[in-house]
Amino acid sequence: GEGTACREVVLVEEGAFRQPLLAWWQGGGLHARTSGCVARPGWRDLPRPSPTHLYLRPAPGIDRRALTASIGRGYRLVSDSA
């Protein structure tokens, strides 16, 4: 909804914070890329950065089931095209 193409933006890598989730109007002057992920909860609300397409990519060799085993409620999307 912000007019910026959605793309992969790495927020955390190897346990280190890389950059915040940013909307197009927040990216000026920073060394961070905008995400293209903005949500508007209701028609009265202003758009704000939101993890609309957030996903976790495990490191190679990590069992994906082990990462989600402690989650009590949620969904896990499995793709064979990794």
Thr34: in contact with a helix residue (DSSP H, G or I) (Cβ under 6 Å, 6 or more places away or on another chain), under 15 Å from Leu54 (Cα atoms), open to solvent by less than 40 Å² (accessible area, probe 1.4 Å) and at pLDDT below 75, yes or no?
yes
Between a residue in region 39-57 that is closer than 20 Å to Trp24 by Cβ and any residue that is among the basic types (Lys, Arg) and surrounded by 10 or more Cβ atoms within 10 Å (Cβ to Cβ), which pairs come within a Cβ distance under 7 Å, given they are 6 or more apart or on different chains?
Ala39/Arg48; Pro47/Arg40
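Can you go through Arg48, Arg76, Arg64, Arg57 and tell me which one is surrounded by 10 or more Cβ atoms within 10 Å (Cβ to Cβ) and at pLDDT below 75? Step through it out loud before you land on a result.
Values: Arg48 fails: at pLDDT below 75; Arg76 fails: surrounded by 10 or more Cβ atoms within 10 Å (Cβ to Cβ); Arg57 fails: at pLDDT below 75.
Only one candidate passes the filter, namely Arg64.
The values are calculated or read from the model by the stated rules, or taken from the named source; none is laboratory data. Quick caveat: nothing in here was measured; it's all calculated off a predicted structure. Because the Cβ atoms are built from the backbone with ideal geometry, glycine has one as well, and the counts that use them run over all protein chains shown. Protein only, heavy atoms only, side chains kept; ligands, DNA and RNA dropped before computing areas. Shrake-Rupley method; radii C 1.70, N 1.55, O 1.52, S 1.80 Å.
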